[in-house]
């Protein structure tokens, strides 16, 4: 196994080469996971990984998570499996609109040993159901589930088919956050962002059902307040700044908020913090942070296919992950993550205690 620095991404990002997933030991894989937590973006190039192995190795880091499922589970007070069953039999227990959305979600999943992988591709099947989570074409900068407190902190993406000529791009925020003057950094530390979903903003070309599913996954409730500065599962501070859903700043007018965003955009979205991974072959396995790192897609490749899993890093953590430092928001997070784990049936998750005297993250 060889590691090297990815160009761009500030001081973060690594390539790993010569990994054989048929012979790698669990200790070696978990060492890669710990290395990844400190580098935010890890590109394991030209692997022999299968979708079954993708699930297996990702789940060694932590459980799969998908916010839209949690939305429906809470809305109907039913398990996700039962909701899917009622959708297939067209039961009136699920509204017609939601049945369309759930059916569309189901059509983007591909069965594998140990669960499902999500297809990232465009196009529709003969019945008009989407083949993948997005439409074809480029995706704008975003982080997944950005308008929810209990967002998935990690993404595992496997390049499967027709990826050459396209890129997955990344932007890390920590170096920028650390570069601003003390006064503005204090402003960022205290800043609470207001999130709102805008149809078509992330991926023009989605049909109505896909866009609604995108809303439930990205920002199901408009006006959600989430801090600008959070701590990643690896203990790294940065900006949780998904331009896809960020709408305003609490306490400021829209015009004042946009002025602050314009400054941040000008200083943050620059080459030294970015990296475009133009695929040279299939088999590349990308692990990337979803807390303080943004990603997007470039290129428009017909029949391009990747497999995606959103997940947590609980098996790499010494204790629970506490991303938020503000006491009131940290309290809300502790309540919501407990509900999330219960409703989705996640196993072995390191839950935060119900009451905390200190809100400093456990991760070092």
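The sole residue among 362, 340 that is assigned to a loop (DSSP other than H, G, I, E, B) and either at pLDDT below 90 or in contact with a helix residue (DSSP H, G or I) (Cβ under 7 Å, 6 or more places away or on another chain) (or both) is 362. The residue list 204, 199 contains one member that is surrounded by fewer than 20 Cβ atoms within 10 Å (Cβ to Cβ), in contact with a helix residue (DSSP H, G or I) (Cβ under 6 Å, 6 or more places away or on another chain) and at pLDDT below 95, which is 199. Before we move on, is residue 3 assigned to a strand (DSSP E or B), on the phi < 0 side of the Ramachandran plot, surrounded by fewer than 20 Cβ atoms within 10 Å (Cβ to Cβ) and in contact with a helix residue (DSSP H, G or I) (Cβ under 9 Å, 6 or more places away or on another chain)? The answer is yes for residue 3. Within the stretch 182-213, restricting attention to residues that are within 19 Å of the chain's Cα centre (by Cα), in a helix (DSSP H, G or I) and touching a residue at least 60 places away in the same chain (Cβ under 8 Å), the residue that is nearest to residue 299 (Cα to Cα) is 210. Within the stretch 63-90, being touching a strand residue (DSSP E or B) at 6+ places or on another chain (Cβ under 7 Å) and either modelled with pLDDT of 95 or more or farther than 13 Å from residue 106 by Cβ (or both) holds for 63, 64, 65.
Among the residues of the stretch 1-31, those identified as within 18 Å of residue 309 (Cα to Cα) and free of Cβ contacts under 8 Å to residues at least 40 places away in the same chain are 21, 29. If only residues of the stretch 252-269 that are free of Cβ contacts under 8 Å to residues at least 40 places away in the same chain and outside any helix (DSSP H, G or I) are counted, the one that is surrounded by the most Cβ atoms within 10 Å (Cβ to Cβ) is 252. Taking the criterion of being out of contact with any helix residue (DSSP H, G or I) (no Cβ under 6 Å at 6 or more places or on another chain) and either closer than 26 Å to residue 41 by Cβ or assigned to a loop (DSSP other than H, G, I, E, B) (or both), the residues of the stretch 214-223 that qualify are 214, 218, 219, 221, 222, 223. May I ask you to list the residues in the stretch 91-147 that are in a helix (DSSP H, G or I), in contact (Cβ under 8 Å) with a residue 60 or more places away in the chain and more than 26 Å from residue 55 (Cβ to Cβ)? Within the stretch 91-147, 97, 100 qualify.
Set side by side, the residues 328, 332, 289, 276 differ, and just one is closer than 29 Å to residue 30 by Cα and surrounded by fewer than 19 Cβ atoms within 10 Å (Cβ to Cβ), which is 276.
The values are calculated or read from the model by the stated rules, or taken from the named source; none is laboratory data. Predicted model, so just to flag it, every value in this text is computed and none were measured. Reconstructed Cβ throughout: ideal geometry from the backbone, glycine too, with neighbour counts over all protein chains shown.
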